[in-house]
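As C-alpha cells, the structure follows; a few thoughts come after it.
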Amino acid sequence: MPILHWSPRSPFVRKAMVAIHEKGLADQIETVRTPVDPLIPLDDFMAINPLSKIPTLEREGAEPIFDSRVIMEWADHTGTTGPQLFPSDPEARWHVLSMEALGDGLLDHALLWLVETRMRPEQYRYDKQIQVYRRKLYSLADWLEPRIGDIAKRDFDAGQIALAVAFAYMDFRFAEEDWRKGRPALSQWHEQVSQRPSMVATAFRDDPRPDA
C-alpha cells in the first residue's frame, strides 16, 4: 500500500489529499504524520525526500513521488472514478495548469507570510514584505471574481482544487484578511466547493509544531 507523508495543517498535503479522495483512492493509501517544519529538517525523512518536504508518496517497488502537483497527476492516472483532474485537451490542460499555478503561488506567499508573522521575532519582521503578500492575495481574489463563474462550469479539476485549498488556507491562517469582502461570486464558489466530500474530509486541523 502506498504511504503518504502527511500533515493536517499543510495546504500542499491537502491538495494531494483532495485529489486522492476525488479519485476514489483514499482507502488505498496509508497516511503517516510526518512533522516537517521549515526550521527543523528531519534527518531520517531526508533519506526519502532529500528536501524534507511533504507531501511525499512512497510506493512499493518504485521511487517516491514528490510534490503535490505530481501526486495529483498520479491520483488522476491511478484512480478509476471521479472527475478528470488534468484534461487531455491541450488548451483545457493549459488552463487547468495555470489555475493550479495561481493557487500554488498564493500558497507560496501564504507560507512565507506565516513564517514572517508567526515564527520570526517581532523586531525582525519586515512590514513592507507583509504588505506585498497582502496585496497579492487581494489581487488574485479580484482577478478571479469576474472569471470564477466560467471556471466553475468545468468539472472539478486540479486548478479548482488548488484555488479552493489556497483560499481555505487563508481562512485557516489569515481569517482577519477577509478575502471574501466585495467578491460575492468568488465567495459563493468557495462555499459550494468547500461542501464537496473531498474538501470536508481533508479540513485543516492545527497541531503543535515539532520540537527542535
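From GLU58, GLU63, GLU122, GLU73, grab the single residue that is among the charged types (D, E, K, R) and touching a helix residue (DSSP H, G or I) at 6+ places or on another chain (Cβ under 9 Å). Unique residue meeting the criteria: GLU73. Selection of the range 103-129 for residues being under 18 Å from ILE148 (Cβ atoms) and either open to solvent by 60 Å² or more (accessible area, probe 1.4 Å) or acidic (Asp, Glu) (or both) yields only ASP104. For the range 140-147, indicate whether the set of residues that are at pLDDT 95 or above, among the aliphatic types (A, V, I, L, M), over 23 Å from ARG9 (Cα atoms) and open to solvent by less than 10 Å² (accessible area, probe 1.4 Å) is non-empty. Looking through the range 140-147, at least one residue is at pLDDT 95 or above, among the aliphatic types (A, V, I, L, M), over 23 Å from ARG9 (Cα atoms) and open to solvent by less than 10 Å² (accessible area, probe 1.4 Å). Counting just the residues of the range 60-83 that are under 19 Å from the mean Cα position of the chain (by Cα) and of a type in the set (Asp, Glu), which one comes out surrounded by the fewest Cβ atoms within 10 Å (Cβ to Cβ)? Checked the range 60-83; the qualifying residue surrounded by the fewest Cβ atoms within 10 Å (Cβ to Cβ) is GLU73. Pairs linking a residue in the range 33-44 that is surrounded by fewer than 15 Cβ atoms within 10 Å (Cβ to Cβ) to a residue that is in a loop (DSSP other than H, G, I, E, B), with Cβ atoms under 7 Å and 6 or more positions apart or on different chains, are ARG33/SER7; ASP37/ARG209; ASP37/PRO210; ILE40/PRO210; ILE40/ALA212; PRO41/SER52.
Picking from residues in the range 72-85 that are of a type in the set (A, V, I, L, M, F, W, C) and in contact with a Lys or Arg (Cβ under 8 Å, 6 or more places away or on another chain), the one that is farthest from ASP27 (Cα to Cα) is LEU85.
Do we find that ILE54 is free of Cβ contacts under 8 Å to residues at least 60 places away in the same chain, open to solvent by less than 40 Å² (accessible area, probe 1.4 Å) and outside any loop (DSSP other than H, G, I, E, B) in this structure? Explain how you work it out, then say what you get.
On the way: free of Cβ contacts under 8 Å to residues at least 60 places away in the same chain: yes; open to solvent by less than 40 Å² (accessible area, probe 1.4 Å): yes; outside any loop (DSSP other than H, G, I, E, B): no.
The answer is no for ILE54.
Output the residues belonging to the range 113-133 that are over 18 Å from the mean Cα position of the chain (by Cα) and closer than 22 Å to ARG180 by Cβ.
Initially, the range 113-133 is screened for residues over 18 Å from the mean Cα position of the chain (by Cα), giving 116-132.
THR117, ILE130, GLN131, VAL132, listed by residue number.
Of all the criteria given as (1) open to solvent by 70 Å² or more (accessible area, probe 1.4 Å); (2) modelled with pLDDT of 95 or more; (3) touching a Lys or Arg at 6+ places or on another chain (Cβ under 8 Å), the one not satisfied by GLY182 is (3). Each residue in the range 20-48 was checked for being part of a helix (DSSP H, G or I) and among the aliphatic types (A, V, I, L, M), and 4 pass. Just wondering, is there one or more residues in the range 6-24 that are open to solvent by 20 Å² or more (accessible area, probe 1.4 Å), closer than 22 Å to ASP104 by Cα and either without any contact (Cβ under 8 Å) to a residue 24 or more places away in the chain or touching an Asp or Glu at 6+ places or on another chain (Cβ under 6 Å) (or both)? Yes, some residue in the range 6-24 is open to solvent by 20 Å² or more (accessible area, probe 1.4 Å), closer than 22 Å to ASP104 by Cα and either without any contact (Cβ under 8 Å) to a residue 24 or more places away in the chain or touching an Asp or Glu at 6+ places or on another chain (Cβ under 6 Å) (or both).
Condition check ((1) in contact (Cβ under 8 Å) with a residue 40 or more places away in the chain; (2) more than 24 Å from ARG69 (Cβ to Cβ); (3) under 17 Å from the mean Cα position of the chain (by Cα); (4) assigned to a helix (DSSP H, G or I)) across all residues:
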| position | (1), (2), (3), (4) |
| --- | --- |
| LEU163 | yes, no, yes, yes |
| MET170 | yes, no, yes, yes |
| LYS181 | no, yes, no, no |
| ARG205 | yes, no, yes, no |
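The values are calculated or read from the model by the stated rules, or taken from the named source; none is laboratory data. Note that this is a predicted model, so its numbers are computed, not measured. Quick reminder, even Gly has a Cβ in these numbers, built from the backbone with ideal geometry, and neighbours come from all protein chains shown. Remember, those area values only see protein heavy atoms, side chains included, never the ligands or the DNA or RNA. Shrake-Rupley method; radii C 1.70, N 1.55, O 1.52, S 1.80 Å.
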